[in-house]
Structure formats: structure tokens, C-alpha cells
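Please read the structure below before turning to the comments.
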Amino acid sequence: MNQTRTGQTDAYSLILEAIDIGVFKPGDRLVESDLADRFGVSRTPIRESLQRLETQNLLVRDGRSLIVASLSHNQMSELYVVRSELEGLAARLAAQHASAEEILVLREMVEADRKLTDDPAALSRANRRFHKQIHLASHNRFLVRQLDLVHRSMALMATTSLAAEGRGEVAMEEHHSIVEAIAKGDQEAAGKALRDHISVAFVTRLKLDSASSEFE
């Protein structure tokens with residue numbers, strides 16, 4: 001890979017990660033010169049990365065400026081439908097293909113993440129790692145690629161459902177049930193446990209959005 005291409009890839013990854021972890025939130029304006037200074041990258045790869053993110057619908061035009069996109073209610077609903085089905089498939093495949101070592105890692109993640117229930121931001125990052133590990137344990141590269149796109153779009157939600165009171169503890173129990181179904185090789189139980197987990201997360205998010213809109 002040549003140096004120019006490497007710069008483009010690095011700039012794209014840096015901006016994408018900043019959106020993913022909430023440094024840049026929906027509605028935030030991204031300014032080429034500011035990003036170049038922030039990341040220590042020249043403006044050309046920044047410009048090309050912004051164009052790429054725009055084609056992926058992660059950024060939208062506001063006049064001549066680019067801002068981080070946000071999801072409408074309908075778009076969020078559509079995203080959760082797709083996520084539920086794809087994540088359920090990943091869990092089923094993980095129950096079929098996951099190695100003993102992968103199952104051990106998943107179990108260790110659940111136990112470690114229980115200590116983060118009072119820190120929604122940290123728990124949200126850990127949650128993404130946990131789901132990614134299940135995707136990888138499916139041993140299906142095409143599914144992993146599609147789920148990467150889905151989770152990239154999830155970053156366009158301003159808040160995490162894990163911020164709801166008590167949701168962190170419940171989510172960790174759901175994670176435990178998912179992992180144990182995978183460990184038993186029970187494909188149907190694993191798929192259902194993960195789909196149910198996504199459904200509860202969606203309901204929680206809808207309640208959070210409803211509560212916040214009452215004060216706008």
C-alpha cells in the first residue's frame with residue numbers, strides 16, 4: 001500500500017472511530033482543517049475520507065458543510081430489524097462453529113463487563129467488543145462484513161440503551177444466557193437469546209427517546 005493510500009485509510013479509520021465512540025455526535029459539524037489538526041493528517045486524506053463517509057450515509061450535507069448524520073424513528077426501526085436477524089444468525093453460527101477458546105473469551109468478557117454497569121460509556125464500548133466477538137465466532141466473513149456496516153450505523157444514535165437505569169445489569173444477564181447457549185451448541189437457543197436481547201435493547205431505546213422528547 002502506498003503512502004497516500006495509507007494516509008487515506010488512517011484518516012478514515014480515525015474519523016470513523018471518533019464517531020463510533022461518541023467524540024463526534026449526530027448533528028456535529030466536521031471541518032476539514034480542524035480534523036487535519038486534530039489527527040495530525042494532511043487535508044487531502046481528510047477530504048477523501050469525508051467524501052467516503054458521505055457516500056456511506058454516515059455524514060450528510062448541511063449547506064456546504066458536512067455533519068454527522070442522525071437516524072429518524074423509521075430508520076432506527078429498520079436498523080434494529082436488520083440487526084436482530086443478522087445478530088441472531090451470528091449467534092446460531094457461533095453455536096455451531098465457535099472454538100473452546102472463543103467461548104472462553106466470551107465468558108471472560110461477560111464477567112469483566114459486569115464491573116462496568118455503573119459506567120454506561122465504558123459498558124457501551126465493552127458491549128461492542130462482545131458483539132464483535134460473537135460475529136467473529138460465527139466464522140462467516142460475509143456476515144461479519146455486513147454486521148460491521150450495521151454497527152457502524154448504530155453509532156449514529158446519540159445515546160446508548162445501556163444508559164437506562166438498571167439496563168446494564170439486565171444486559172449482562174442476557175449476554176450470559178447467549179454465551180451459555182453458544183457453549184452448549186444450541187443454535188436455536190443462541191439465536192433466540194440474541195434476538196430477544198436486541199428486542200429488549202430496542203424497546204429500552206424507544207422509551208429513552210420518548211422520555212427525552214417530552215422535555216424538548
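Things worth noting here:
- Distance histogram for the range 1-108 (every C-alpha pair counted, 5 angstrom bins, percent rounded to whole numbers): 2, 11, 16, 16, 13, 11, 13, 12, 5, 1, 0
- Here the chain is described by how far its Cα atoms reach on the three principal axes: 52, 50, 30 Å, from widest to narrowest.
- Only Cα sites of the range 131-216 enter the Debye sum here, all with the same form factor; the resulting log10 I(q)/I(0) across q = 0.14, 0.15, 0.19 1/Å is -0.58, -0.66, -0.97, listed in q order.
- Label separation (Ala121 vs Leu104): 3.4 nm, computed from points 7 Å beyond Cα along the C-beta direction.
- Cross-linked pairs Lys132/Lys184; Lys25/Lys184; Lys25/Lys132: Cα-Cα separations exceed 30 Å for Lys25/Lys184.
- Residues considered: His73, His131, His197. Largest GNM mean-square fluctuation over the chain, using C-alpha springs under 10 Å, is found at His73.
- A full extension of the chain between Ser33 and Arg47 corresponds to an added length of 4.1 nm, given 0.36 nm per residue minus the alpha carbon distance.
- Taking 14 Å as the straight-line reach from the Cα of Lys192, the aspartates and glutamates in range (excluding those fewer than 8 positions away in the same chain) are Glu85, Glu87, Glu174, Glu180.
- Anchor Lys207: aspartates and glutamates whose Cα lies under 14 Å away (excluding residues fewer than 8 positions away in-chain): Glu165
- Taking a Cβ cut-off of under 14 Å around Asp113, the surrounding Lys, Arg, Asp and Glu residues balance to a net charge of +1, with basic ones at +1 and acidic ones at -1.
- The chain - percent relative contact order, Cα under 8 Å, separation 6 or more: 25
- Amide N proximity, the range 90-117 versus Val200 label position 7 Å along Cα-to-Cβ, cut-off under 19 Å: 90-92, 106-117
- Rounded FRET efficiency, nearest 0.05, which uses the C-beta distance separating Ser70 from Phe142 and R0 of 30 Å: 0.55
Throughout, read-outs are computed from the coordinates displayed, never taken from laboratory work. Source: prediction; values computed, not measured. Note: ideal-geometry Cβ built from the backbone for every residue, glycine included; neighbour counts use all protein chains shown.
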